[in-house]
Amino acid sequence: MSIKHIFTTVVGITVVTVALAGCSSQSGESAPSKAAAKPSQSQAADQQTPTPTPTSTAAASGVVKVTSDKITDDQMGHTVQADEVVRNFPWTSAQSGLADRDDNEQVLVHVAVTAGDKYYSTMDCLAIRVQAHGSTESYTSQGTTSVVEDAMKAAGYPALTKVEQGQSGEGWCAYSVTDPSDVLDLQYQRNAAASNDGTQITAKDFYAEMTPVAS
């Protein structure tokens, strides 16, 4: 029988859930008088041509396939790998402060993750971030929150849900990226921790480039 070690997180992650989206009327018309001029062929064509439905920014940005190495946490056993991104995902009204910044772009990344089974620990979007290639941002990028999750789901990008110990899952995560580049970096953060048998888990950041696949 294998015994799972339980560890105490020294630098914990606090999961914060913050709230992150013609009809035409017809009126009765009197019969035209005999003196009324017939519409020209061009006018008739204009009247018969339907107005195109506007395309949303999210749909316009589309999914971009990327190649990216799988990140493997050598101590915890977690893995994460990205395979798709969505650039310029629209800001929600709750993100007005971020939307007002010209150097910010909201990026969605689709990841497949596995939570290691050696220690009790889970994996979710808060363990990951996306940043411009080679960037050394000193703060955690704006992560996936409940209102953004609603917008993502409505656009067809369901969010990654928490993956329990020894389990695997996949889904989308949202991040605010400062001064974004064509090639983005996926970062996984491991926090320092200690198990009850005295094993020390050291803090470490892992990176993988997400290179767009040429169409």
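The values are calculated or read from the model by the stated rules, or taken from the named source; none is laboratory data. Every value quoted in this text rests on a predicted model; they were computed, and no experiment measured them. Neighbour counts are summed over all protein chains in view; Cβ atoms, including those assigned to glycine, are modelled from backbone coordinates with ideal geometry.
Quick one: is Y120 under 17 Å from the mean Cα position of the chain (by Cα) and of a type in the set (S, T, Y)? Steps first, please.
Details: under 17 Å from the mean Cα position of the chain (by Cα): no; of a type in the set (S, T, Y): yes.
Here the answer is no, as Y120 does not meet what is asked.
Please work out if S61 is in contact with a strand residue (DSSP E or B) (Cβ under 9 Å, 6 or more places away or on another chain), surrounded by 17 or more Cβ atoms within 10 Å (Cβ to Cβ), of a type in the set (G, A, S) and at pLDDT below 95.
Details: in contact with a strand residue (DSSP E or B) (Cβ under 9 Å, 6 or more places away or on another chain): yes; surrounded by 17 or more Cβ atoms within 10 Å (Cβ to Cβ): yes; of a type in the set (G, A, S): yes; at pLDDT below 95: yes.
Here the answer is yes, as S61 does meet what is asked.
Mind counting the residues in the range 87-132 that are in contact with a Leu (Cβ under 8 Å, 6 or more places away or on another chain), at pLDDT below 90 and either part of a helix (DSSP H, G or I) or at positive phi (or both)?
Total meeting the criteria: 2.
Taking the range 165-207 only, how many residues are of a type in the set (A, V, I, L, M, F, W, C) and surrounded by 20 or more Cβ atoms within 10 Å (Cβ to Cβ)? Reasoning before the result, please.
From the range 165-207, those of a type in the set (A, V, I, L, M, F, W, C) are 172-174, 177, 183-184, 186, 192-194, 201, 203, 206; that's our starting set.
So of that shortlist, the ones also surrounded by 20 or more Cβ atoms within 10 Å (Cβ to Cβ) come out as 172-174, 177, 184, 186, 193, 201.
Result for the range 165-207: 8.
Hey, which of the strands (runs of 3 or more DSSP E) in the range 159-215, taking only ones fully inside, have at least 1 residues that are of a type outside the set (D, E) and in contact with an Asp or Glu (Cβ under 7 Å, 6 or more places away or on another chain)?
Fully inside the range 159-215 and qualifying: 168-178, 184-190, 204-212.
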